[in-house]
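The values are calculated or read from the model by the stated rules, or taken from the named source; none is laboratory data. What you see is a predicted model, and the numbers here were worked out from it, not measured in a lab. Ideal geometry is used to build each Cβ from the backbone, glycine not excepted, and the neighbour counts take in all protein chains shown.
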Amino acid sequence: MLELVVDWVVARVQEWGYGGIFAMMFVESSFVPFPSEVALIPAGYLASKGQMDPVLAIMAGLGGSLGGAILNYGLALWLGRPLLERVARYFGVGQGQFDRAERYFARHGEITTFAARLVPGVRQLISIPAGLARMNIPRFLLYTGLGAGLWSAILVAIGFVAGENEEQWRPLFRDATVWLLLGGGLLVALYLYLHRRRERQA
């Protein structure tokens, strides 16, 4: 059954082409939960067969990710903090937590945006605090693009190496996720250490 699902997904990516990758990654990067590996690992497999260009597949994934991120950013900007606070109250998130998150994001939005794009389950949501904090849009797009581009390239590479065999690409995907989490955490910790050191010296 699982093999039939994988074959169906590969067929759909092949049929829809780069536009399909863009659309899937747009949905994945918005507030709708959708696994990015569904679109990009089959694209990597098709690239290994010479049926897709891996660079164009990565660019389509990057474009879709940016589109979904802009949607979330715009929704947060349009809906505003009062409405989101009312919704968040039902999940135990209070005004003080919003204040702290907004202050943190105003100071460290760039590195947070980049690192969060490498974390499944968080990558889709990071655009919301960016919109609430009115993060500079060119910088938001730059750091979102860097993170999303790296994520897309890794998934296409996994598909290129492992093919459509889930038993082969699942361990690679899991290991890549772990290493990205560790690397992103170390990067953020190093950034915060250097930032505080500069503040103390100033």
Positions within the range 107-136 being exposed (fewer than 15 other Cβ atoms within 10 Å of the Cβ) and under 15 Å from residue 71 (Cβ atoms), in sequence order: 125
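With respect to residue 58, determine if the residue is in contact with a Phe, Trp or Tyr (Cβ under 6 Å, 6 or more places away or on another chain), at pLDDT 80 or above and among the aliphatic types (A, V, I, L, M).
Values: in contact with a Phe, Trp or Tyr (Cβ under 6 Å, 6 or more places away or on another chain): no; at pLDDT 80 or above: yes; among the aliphatic types (A, V, I, L, M): yes.
So residue 58 fails the test.
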Residue tally, condition under 18 Å from residue 189 (Cβ atoms) and not charged (D, E, K, R), over the range 97-136: 14
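Residues that are at pLDDT 85 or above and under 24 Å from residue 53 (Cβ atoms), at least 2 per element: which helices (runs of 4 or more DSSP H) completely within the range 90-162 meet that?
Working: elements: 95-116, 127-132, 137-162.
Here the list reads 137-162.
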Subset of the range 1-22 (residues that are touching a Leu at 6+ places or on another chain (Cβ under 6 Å) and modelled with pLDDT under 75): 14
Extreme residue, modelled with the highest pLDDT, among residues of the range 23-36 that are surrounded by fewer than 21 Cβ atoms within 10 Å (Cβ to Cβ) and either part of a helix (DSSP H, G or I) or not aromatic (Phe, Trp, Tyr) (or both): 23
Residues within the range 47-64 that are crowded, with 24+ Cβ neighbours inside 10 Å and more than 22 Å from the chain's Cα centre (by Cα), tallied: 1
